[in-house]
1. Taking 1 over the mean of 1/r across every pair of different Cα atoms in the range 1442-1510, what Kirkwood radius in Å do you get?
2. Can you tell me the order of 834-842, 298-306 when each peptide is scored by its average per-residue count of other Cβ atoms within 10 angstrom, highest first?
3. Could you tell me which of the pairs 973/1043; 272/1476; 791/1514; 663/1141; 757/1095; 400/791 are separated by over 30 angstrom between their Cα atoms in the structure shown?
4. If you consider only alpha-carbon coordinates, what radius of gyration and Dmax does the range 1022-1087 have, in Å?
5. Over the range 436-546, with a single point scatterer placed on each C-alpha, what log10 of the ratio I(q)/I(0) does the Debye formula yield at q = 0.13, 0.14, 0.20, 0.24 1/Å?
6. Can you give me the pair-distance distribution of the range 361-453, C-alpha pairs, 10 Å bins, whole percents?
7. Within the set 517/575; 844/1132; 465/787, which residue pairs have Cα atoms separated by over 26 Å?
8. As a test of understanding, state the convex hull volume per residue of the range 359-404 from its alpha carbons, in Å³.
Amino acid sequence: MDQSQRIVAAPSSSRSYQFHPARAAIVDLFNLYLGRGTRQNPDEPIRDPPNKSQKRVHAPVRDLPPRNDQFIADFEKLQTQFNDPDQFRAITESVVISMVLQCSNHAPRAEFLLFTLRTLCRIGYVNWDTFLPSLLSSVSAAEASLSQAATTAATSSQSLVPVGVSSGNEPTAFSKSLDNVQQIDMRNSNQRVRAAAVNSLRQLSCKIILIGVEFNLKPATHSEIFQCMMSWLVNWDKSDDSPGKTWRSEKSLAEWLRSCLEVIWLLVDVGKSKIPFYELLRSGMQFVENIPDDEALFALVMEIHRRRDAMAMHMLMLDQHLHCPTFGTHRISSQPTANVSAEAVAHLRYSPITYPSVLGEPLSGEDLAMSVPQGSLDWERAVRCIKHAIRTTPSPEWWKRVLVVTPCYRPSAQAGPIPGAVFTSEMICEAIIDRIVELLKLTNSDANCWQEWLVFSDIFFFLIKSGCTDFVDFIDKLVLRLNGDDNHILRTNHVTWLLAQIIRVELVMTALNSDPKKAETTRKILSFHREDRTDPNNPQSVLLDFVSSCQNLRIWSLSATTRAYLNNEQLLKGKQIDEWWRSQGERMMDYMNLDDRSIGMFWVVSYTMAQPACETVINWLSSAGVAELLPGVTPNERTMMMQEVSPLPMSLLSGFSMNLCLKLALQMEEALFVSQLVVPSIAMVETYTRLLLISPHSMFRSHFTQIAQRNASLLSKPSVSLLVLEILNYRLLPLYRYQGKSKSLLYDVTKILSALKAKRGDHRVFRLAENLCMNLILSLRDFFSVKRDQKGPTDFTETLSRITIMTLAITIKTRGIADADHMVYLQTMLEQVLATSQHTWSEKTLRHFPSLLRDALIGRVDKRGLSIQAWQQAETTVLNQCTQLLSPAAEPAYVTTYLSHSFPQHRQYLCAGACLLMQGNPDKINSANLARVLREVTPDEVTANIYTFVDVLLHNVHLDIQRGHGLEEILNKNDANLAFFFWTHEMLPLDIFLPALIDRDDDPHALIIAKRILERPELLQRINVFCVNRGNPEHWLCTQVFKRNELQKALGNHLAWKDNRHPTFFDDIAARLLPVIPLVVYRLIENNAMDAADKILTAYSNFLAYHPFRFTFVRDILAYFYGHLPGQLVVKILRVLGLSKIPFSESFPQYITHTGPATCPPLDYFANLLLNLVNNVIPPLSSSSNCSSRSGSMADILNTSSRPPHGKTPGASQPGPANASEGQKAFYQIQDPGTYTQLVLETAVIEILSLPVSPAQIVSSLVQIIVNIQSTLIQSGNGFHGAANGVGQGSSVLPTSPSGGSTDSMGASRSSCMNTASFVSRSGYTCQQLSCLLIQACGLLLAQLPPEFHTQLYVEASRVTRETWWLSDGKRSQGEVDSAVGYALMDPTWAAQDNTSTAIGNVVALLHAFFSNLPQEWLDGTHLIIKNIRPVTSVAMLRVAFRIMGPLLPRLANAHALFNKTLALLLSTMVDVFGKNSQTPVPVEASQIADLIDFLHHVVHYEGQGGAVQSSSKPRADTLALIGRAADSLRPDVQHLLSHLRTDPNSSIYAAAHQNTAKSNTS
């Protein structure tokens, strides 16, 4: 016997059968027929076989075994001796497996075992569903045992002869050599024996399996066989060490491998479909390394590749490589967050770039990003995204979620790759250098791009400080780039200035101090210096001229070894800086009257002597001295206040070094929040906020967190909390939104409300915090958690709860819900918000709510009647108490009695009772007592008073009308009463009362009273005074000395009560109304009070200029009420913006002010709108990008050197008004919406929403442009034209060219044209590039519009698809139609190169660009496309339907309901073509849709996994049920292909897996 007989068979047998009497009898019977005799127990090991070195011995003479055909008779005779046939069968299987393991390499015995199995099968004594899994398990155990034995033998052979020991007669070296040879021979012999055993065992196993699979096995058995075969194939060369590969028998390998392949082909055979072919696609078989030279295996791998590629196509959108974040919206899609806590969501990493796997699904992760080869398509796409981010400066929050610390800076404790799509250090480095080169070229063109450099320096500082790129590597690559192809562009000191900004960053200091390459790095840094003396009186030129000296001084201080590289001339310039500072800088400087050279020199000083410069600035801000504030509460207390000076202008601050800015911010924070020796001046506060606004990436800090870190008790001081809240509410709200910190700030401020709402007397801090929360909530434009921990009711006040619901309505209706888990959380959020609120919204309000929110709220019970009943029950008591408290003769001491003895349920009606007692005559009550009570009670009680006051007020209006009083008389009386509360004595906060009043719009008098309040002369005068005192709404431009408003005049009696030690900075009662006026306008429009809304907007247009988010307000109100606003009101809303500062199209005003019948603008208008998006929003194509190439480098094709810089459009005929400022804008110039890309995109949205034409006309124009875009740009010189003939007219040619491909799919309903030559030249792209980017821009734009536009897009897309002649031409051969589909569904970037673009290809690309920017909630409407093209009558149309909708399914993996709905729709199209009763013009075989079948298998696995498919992935049970129901309507041959995607465990391997899992769980 050979080595294989050493295998222990016992593990393969059940322990209960080891000693059964039948086992010994069966073993003896098999030994007899195998010719093995009965001399030993088959389970015992057998002696090693003799080898050739041993002496030959003669075997004893034995009898020949019986004939094979006698076996069955002997077996049946043996079987009759035992009573339990099932037990006997199990023992028989166990013995057969044992014999297979022992006799696999003995050919005659193996043949006998195969004969035996066939024989036993005929009499039913082999249960293949138990036998085969047991056999495979035993084979795996045997192979493992062999491997372990081989390892043990190799180890023991190495210790047979001690190293260095010899016999004495032989040299030691010879002894060692002999030992080594013996060990190698022994090891090779063991490996040969082991390999032979494994090969023969696998060969025999495959033959047995081929017998077994002919029977009706269970799916689970098929699955186990398949997994084992694939494991053998994939790991065919992993079972042995490398030395063994030199002797492996190719013949034996080929035998078992071919048998294995035979099994696999039999399992995946389409006719039998025991295993779906898809299992091969996800097996990883195509990635087998060191593939053996076997033709059959190679054929299998090639087939896997072919079908995988065909299937993966359905997972990817057309022009997928062009889909890239544009940063044109506040919302940046993140990874699915299902079943993730709020705390975890806060730290999730964004997926800005996902890389498609071989199966098409998106993958992400640091390890994946690290493996992307430089220069590949994925690399170029990633770098394109980073470069666009550097240009457009999205939120630092975005950067923090896509960057990782480069490995060289990462702590050793932080091991392993970081999940989530990230950018590598090399990608960041390349993008930064590309941006530097771009700016240098722009500088050399004599363009004024100083602002671009300033913006870039901010983000450059941020990136270097974050450690996302290796600084030393960055310097090396920058030197190579500037000394290589771009060696002619470095003519100025801008690079030196950039490096001077970051030279004090800790990572840079470490590199210049301790890095081994520090000397070389220093030399390279100094090599960027260029002499720059362009204009000695220009501040920027002065800075650039001296900046190298500043850098040298820093390097001088590092170490003596670096000083050898310094330039003496530059050191002399350092002396000039010192001389200027001693002569002018050290004394007090009047920053408002500096000449340009002095400004430049002070900028230079900020780099060389930051601390003295910092002290000079602080001294300037305190130069006016201090004065005593009004006396405090105690006579001996004195409060000193810093006198006002002019704040530092932005033009001066912009040139400060980052080091000086950081020092100034820290020192100012010490004075403002920590020491507070004196009340700071407004100039200091304003300068501090300007520092934060001018460098939002580098300077931002979360104030509550930072102050708490310094001293946790600081925020408990009213002076600190008031100042922080004022700064946040009136200066930094847009900055926090830009940073993505609005939600965390909301949570922090809500804590203040929670702590103060039940605390008596603290009204000022409470109301300011509440107003800040109102602004924060109204500024949020994506879904948010109302509590950080998502547990329990909120700490919101009643006002904030109602505003939250309104914000949700606006967000959902105008921007949709981005993620499926947000929709799941919506109900919980509503319960949290409304847990303490009894409010119900009127029918007029609810009809404008999105259906998702309306359905959740419409069932709430209106409890206003109960509120009135409670008032009526308490009325007598309340009026008695009010009479005693508020009579003119009431004693002041009674206030204390009232506060200590009255009940809260009665105190909440105090204002209502006072109003009834007044009866329009305020002199009837004691205003002093009322004011004192309202000041002494808690803020919560004042809020309750306001809401009950509104209810009682409106109730009494109805009562007075019933008593016969005229409405005007009643309203006049109420005006007098309200004037008492709000103007005469200023007892109640109007910013709380007005929202409470307008929320009762179901009462016919509520909005009338609100309108009268807003039209009161007292309020309008207060608003005008505020506007005059505040000056320019763009506060950062103000250079004059700020005037501090008196506390009483600013806040009124109620809020200014005891805080005279804490003067205001920016706070004002009028400013508190800024978030309220838009809410009033919303409510008026909901109630069709358009004239009233018009009047309010007219009266408050100047005031709304101070609204921190007026641009967002205009965009959202136009979207929220789209289709309900008259043209005149639209114009009035637009005037809120200040049109001169918004980049509207030049012709836009004429279309919205046109007095005649509304006409749709020409195609030229929409094309220019899209071009503006291409130039300013869509990420530019890289000069080395391969994004539109099928092979090779496309640098020539995609050379974008003529592309204008971001924010600039070349040519005199550019779209946009002449007064729209060119160049990149700083953040402080566009705080709302936040970035220039957002401004341009949202401006286009506002234009579309303002046009007085229907969505159908607008969408038709856009689709017409896209359908004809390539042919128009390439072939036409006169502009966009309608089609010359209809779509339905057939053509004799296939759609391989614009003419044959029916690019003129749109009817020529109207004539329009444009100058395409100018159009293309203004883009800076070639015609081919521009056409593809215009498709992307159009999809992006349409995704921002309300769902009314989406419906029209689906209608237009369906029409173009239906009218494509070759989809409905039944006379075409299948080959022609397949060719047409292939061309039609090609990426437009490819098709444009060959001028083979088609209408349907462009439309599908447009839909995919649209889908990729659409929030998940709105994807539900996409089903309309397929519904409109049904019934589907051909495979070509079926493929189009799958190509349109297929890529959506991976995105819906975490939205199960929507996934199933979309999947059901696609299955219905399949039923249209392959249904049992379907009649197609040309008979179609089911095999023609094999790729669609594979795609269905893959996508259900993807959804079941919730992401990339793993080996353990399996479909959901309900998804299988859905497919099973649809399959019942299909033809039998197609049903057969889907047989495994069903719930029957007897036919589906996936259903069987679910059944086995359920059994395991129950056991």
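The values are calculated or read from the model by the stated rules, or taken from the named source; none is laboratory data. All values reported here derive from a predicted model rather than from experimental measurement. When we count neighbours, we look across all protein chains shown, and the Cβ atoms used for this are built from the backbone with ideal geometry, even at glycine. For the accessible areas, the whole protein counts, side chains as well, though only heavy atoms, and no ligand, DNA or RNA atoms are used. Shrake-Rupley method; radii C 1.70, N 1.55, O 1.52, S 1.80 Å.
1. Numbers: mean 1/r = 0.0769 Å⁻¹.
With all distinct Cα pairs of the range 1442-1510 included, I get 13.0 Å.
2. Output ranking for 834-842, 298-306: 834-842, 298-306.
3. 973/1043; 791/1514; 663/1141; 757/1095
4. 14.5, 45
5. Cα-only, vacuum Debye calculation for the range 436-546: -0.50, -0.58, -1.17, -1.53.
6. Histogram of Cα-Cα distances, whole percents per bin: 14, 42, 29, 12, 3.
7. Listed pairs above 26 Å: 517/575; 465/787.
8. Values: hull volume 4.4 nm³, N = 46.
Cα-based convex hull of the range 359-404, divided per residue, equals 97 Å³.
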